[in-house]
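Worksheet: the structure to be examined is printed underneath.
The values are calculated or read from the model by the stated rules, or taken from the named source; none is laboratory data. Note that the coordinates shown come from a computational prediction; the quantities given were computed from them, not determined experimentally. Cβ placement follows ideal geometry from the backbone for every residue including glycine, while neighbour counts extend to all protein chains displayed. What goes into the accessible areas is simple: the full protein's heavy atoms, side chains included, and nothing from ligands, DNA or RNA. Shrake-Rupley method; radii C 1.70, N 1.55, O 1.52, S 1.80 Å.
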Amino acid sequence: MSKKLVLGVGIAFSVLISPFSQVFADDLTGGERKQVDNVAHRGAAGYAPENTIAGFDLAVDMKADYIEIDVQKSKDGELVVIHDTTVDRTTDGTGKVGDLTLKQLKSLDAGSWKDEKFAGEPIPTFEEILDRYYGKVGILIELKAPQLYPGIEEQVAEALKKRNLDKPQNEKIIIQSFNFKSMKKMNKLLPEVPIGVLTSNHTDTTTEALQEFSTYADWFNPNYGNVSKELVNQVHSLDMQIGSWTVRSQEAADLLFEMEVDAIISDYPDYVDPRN
Ligand code: G3P
Ligand code: CA
C-alpha cells in the first residue's frame with residue numbers, strides 16, 4: 001500500500017473528529033494550486049555561494065518556494081549545511097567535514113571561492129537554517145552521505161520535532177536523500193513529513209523500483225536527464241510527486257515545465273519563475 005494511502009486514512013479520521021475540521025476544509029478549497037514548485041538548489045547557487053545564508057536569503061528574495069540544503073555532521077556531532085564531504089572545494093580550509101569540529105568549521109570562509117564580495121560567509125548549522133527560514137520559505141532537506149554519520153536521522157528528526165515541524169500541513173518541509181535505507185528510516189521516525197528519494201540511475205526508474213519507493217516516499221526526484229512525460233505519469237499514478245534537478249539552463253527548465261513535473265530544482269530560480 002502506498003505511503004499516501006496509509007497516511008490519508010489516518011489524517012481523514014483525525015480531521016473528521018476535530019472541532020477545527022470546518023476551518024481546515026475551507027483552507028483546502030481556498031487559493032489556487034501552483035503548477036510547479038521553484039526550488040533554489042543549495043540556495044540560489046548560480047548567483048551566490050552554495051549552502052550559505054547569503055545564497056538562501058537571495059533565494060527568498062527571488063521568491064523561491066523552497067531552498068534546498070545539504071546536511072552533514074561535524075566531528076563533535078553538530079548538524080551543518082555543506083554539500084561536499086570535504087571542505088576543500090567551497091571553503092578556504094581542507095579536510096573532511098566529519099573530521100572537523102563545529103568551531104573549526106565555523107572559522108572557515110565559505111564565500112570567497114564564489115566571489116570576494118561574499119568573503120567571510122560561514123558554514124551554517126542546520127538549526128540556524130531552520131530558525132531563520134521556517135515559515136518563510138519551504139526547506140528541502142537533503143541528508144548528504146548519511147551512511148558517514150550514524151544517528152543523523154534521529155538528530156534531524158529531533159530538531160524538527162522541537163520546532164513542531166513534524167506534523168502534516170507543516171511549514172513546507174521535505175526530507176530527501178540518495179540513500180534509500182536512510183529515507184525508509186526517516187519515514188519511520190517522522191511518518192507525517194514528506195520523504196523524497198533522489199536518483200540518478202536509469203535502473204531506479206523501473207516500475208518495480210517506483211512501486212517500492214512509493215511505500216515510504218512522497219517524492220521521486222531524478223536527475224533531469226532521466227525525466228520523460230511517461231515517467232512523470234507513472235510517478236503520479238503511484239501517488240508520488242516528482243521534482244527534478246539540477247536545472248542550469250532556461251531550456252531545461254522549460255522542458256521540465258512542459259512535462260509537468262511538480263518541482264524544478266535549479267541553481268537559477270529566475271529560470272523557473274520569470275517574475276524575477
Ligand atoms: O536536490 C537535488 C540535488 O541537490 C541532488 O544533487 O549533488 O546537488 O546534492 P546534489
Ligand atoms: Ca543537494
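To keep it simple, each residue is scored yes or no on (1) in a helix (DSSP H, G or I); (2) surrounded by fewer than 16 Cβ atoms within 10 Å (Cβ to Cβ); (3) aromatic (F, W, Y); (4) within 16 Å of the chain's Cα centre (by Cα).
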| position | (1), (2), (3), (4) |
| --- | --- |
| A45 | no, no, no, yes |
| G55 | yes, no, no, yes |
| I67 | no, no, no, yes |
| Q72 | no, no, no, yes |
| D76 | no, yes, no, no |
| T90 | no, no, no, no |
| K103 | yes, yes, no, no |
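Scanning region 263-276 for residues that are of a type outside the set (S, T, N, Q) and away from ligand 1 (no atom under 13 Å from the Cβ) gives Y268, P269, D270, Y271, V272, D273, P274, R275. Starting from residues that are acidic (D, E) and not in a helix (DSSP H, G or I), keep the ones in region 169-215 and report whichever is surrounded by the most Cβ atoms within 10 Å (Cβ to Cβ). Top of the filtered list is E171.
Among the residues that make up region 171-181, is at least one of them hydrophobic (A, V, I, L, M, F, W, C), within 14 Å of K3 (Cβ to Cβ) and away from ligand 1 (no atom under 16 Å from the Cβ)?
First, the residues of region 171-181 that are hydrophobic (A, V, I, L, M, F, W, C): 173-175, 178, 180.
Then drop every residue that is not within 14 Å of K3 (Cβ to Cβ), which leaves 174-175, 180.
Adding the requirement that they be away from ligand 1 (no atom under 16 Å from the Cβ) leaves none.
No, because not a single residue in region 171-181 is hydrophobic (A, V, I, L, M, F, W, C), within 14 Å of K3 (Cβ to Cβ) and away from ligand 1 (no atom under 16 Å from the Cβ).
Filtering D267, D254, D218, D239 for residues that are open to solvent by 50 Å² or more (accessible area, probe 1.4 Å), of a type in the set (D, E) and either under 16 Å from the mean Cα position of the chain (by Cα) or at positive phi (or both) leaves a single hit, D239.
Restricting the search to region 184-198, which residues are touching a residue at least 40 places away in the same chain (Cβ under 8 Å) and of a type in the set (V, I, T)? The answer is I195, and nothing else.
So, V232, is that one in a helix (DSSP H, G or I), in contact with a strand residue (DSSP E or B) (Cβ under 8 Å, 6 or more places away or on another chain) and either modelled with pLDDT under 95 or under 24 Å from A217 (Cβ atoms) (or both) or not?
yes
Taking the condition more than 19 Å from E68 (Cβ to Cβ), in contact with a strand residue (DSSP E or B) (Cβ under 9 Å, 6 or more places away or on another chain), away from ligand 1 (no atom under 15 Å from the Cβ) and not hydroxyl-bearing (S, T, Y), does K184 pass? In short, yes. Take the residues in region 108-126 that are charged (D, E, K, R) and surrounded by 15 or more Cβ atoms within 10 Å (Cβ to Cβ), then tell me which one is nearest to A45 (Cα to Cα). Ranking the qualifying residues of region 108-126, first place goes to K114.
Candidates are the residues of region 113-144 that are free of Cβ contacts under 8 Å to residues at least 40 places away in the same chain and either under 29 Å from T199 (Cβ atoms) or of a type in the set (G, A, S) (or both); the one that is nearest to ligand 2 (Cβ to nearest atom) is L130.
Only residues that are within 15 Å of ligand 1 (Cβ to nearest atom) and surrounded by fewer than 18 Cβ atoms within 10 Å (Cβ to Cβ) were counted across region 221-236, and they come to 3.
Would you point out the residue of region 127-168, among those that are of a type in the set (S, T, Y) and open to solvent by 10 Å² or more (accessible area, probe 1.4 Å), that is farthest from Q72 (Cα to Cα)?
Here the answer is Y134.
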